[in-house]
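Read the structure below first, then the notes.
The values are calculated or read from the model by the stated rules, or taken from the named source; none is laboratory data. All values reported here derive from a predicted model rather than from experimental measurement. FYI the Cβ positions are ideal-geometry reconstructions off the backbone, even for glycines, and counts take in every protein chain you see.
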Amino acid sequence: MIIYRKGDLLEAFEKGDVNIIAHGVNCKRVMGSGIAKQIKDKYPLVLRLYEAKFFMIDSDWDELLGNTQYIPVSTEKGIYNLFIQLNYGRDKNTRYCSYDAIDSCFYMLEASLKEHHIIGIPKIGAGLANGDWNVIEAIINSHFKDRDIYVYTLE
């Protein structure tokens, strides 16, 4: 179940309020804005392994859509890249996130996390990717019925 918290997700991660961050990324090998840019700037390993994932694929990078990538940043903390966008851009009339990909990613995320993990996310897909948060929230809640997931907002 989603629980909302006001504050900075990366700060909460540093303080240990959450020990897993999950955030949306695109399938074009670019972490150039939003929380993805903040993560790549603060945790260069996340960027290096994100980019390395593309070199491991022989065919179309679009096949990453709907998949996840876990990157440990310490023995107790890690970051999940959720491949929810084929493309990215600034057109306010274009939805860049895929609801099916979000559904797939949260299915995989929920299945892979241990009981002791405390998950923090931004409003995945609802910012620069122009998704409808009400739709995305329903998708997340369908996977996290019996488990808390914290959504951090800076508002």
Residues of the range 16-34 being crowded, with 17+ Cβ neighbours inside 10 Å, of a type outside the set (S, T, N, Q) and modelled with pLDDT of 95 or more, in sequence order, are VAL18, ILE20, ILE21, ALA22, HIS23, GLY24, VAL25
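Hey, any hits in the range 42-55 for a residue that's among the β-branched types (Val, Ile, Thr) and either farther than 19 Å from TRP133 by Cα or free of Cβ contacts under 8 Å to residues at least 60 places away in the same chain (or both)? Reasoning before the result, please.
Start the filter on the range 42-55 by keeping residues that are among the β-branched types (Val, Ile, Thr), which leaves 46.
Restricting the remaining residues to those that are either farther than 19 Å from TRP133 by Cα or free of Cβ contacts under 8 Å to residues at least 60 places away in the same chain (or both) gives 46.
Taking every residue of the range 42-55 in turn, at least one turns out to be among the β-branched types (Val, Ile, Thr) and either farther than 19 Å from TRP133 by Cα or free of Cβ contacts under 8 Å to residues at least 60 places away in the same chain (or both).
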So if I check each of ASP62, ASP41, ASP100, ASP91, which one is in a loop (DSSP other than H, G, I, E, B), over 13 Å from the mean Cα position of the chain (by Cα) and surrounded by fewer than 14 Cβ atoms within 10 Å (Cβ to Cβ)? ASP91
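Could you please find all residues in the range 124-155 being acidic (Asp, Glu) and assigned to a loop (DSSP other than H, G, I, E, B)? Step through it out loud before you land on a result.
Here is the first cut: in the range 124-155, the residues acidic (Asp, Glu) are 132, 137, 146, 148, 155.
Listed by number, the residues that qualify are ASP132, ASP146, ASP148, GLU155.
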Condition met for TYR152 (within 16 Å of ALA36 (Cα to Cα), touching a Lys or Arg at 6+ places or on another chain (Cβ under 7 Å), of a type in the set (Phe, Trp, Tyr) and buried (at least 16 other Cβ atoms within 10 Å of the Cβ)): yes
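Among the residues that make up the range 68-77, is at least one of them touching a strand residue (DSSP E or B) at 6+ places or on another chain (Cβ under 9 Å), part of a helix (DSSP H, G or I) and either touching a residue at least 24 places away in the same chain (Cβ under 8 Å) or surrounded by 18 or more Cβ atoms within 10 Å (Cβ to Cβ) (or both)?
Filtering the range 68-77 for residues touching a strand residue (DSSP E or B) at 6+ places or on another chain (Cβ under 9 Å) gives 68-73, 77.
Now drop any that are not part of a helix (DSSP H, G or I), which leaves none.
No: the range 68-77 contains no residue that is touching a strand residue (DSSP E or B) at 6+ places or on another chain (Cβ under 9 Å), part of a helix (DSSP H, G or I) and either touching a residue at least 24 places away in the same chain (Cβ under 8 Å) or surrounded by 18 or more Cβ atoms within 10 Å (Cβ to Cβ) (or both).
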How many residues does the range 109-123 hold that are under 12 Å from the mean Cα position of the chain (by Cα) and either touching a residue at least 60 places away in the same chain (Cβ under 8 Å) or not in a loop (DSSP other than H, G, I, E, B) (or both)? 5
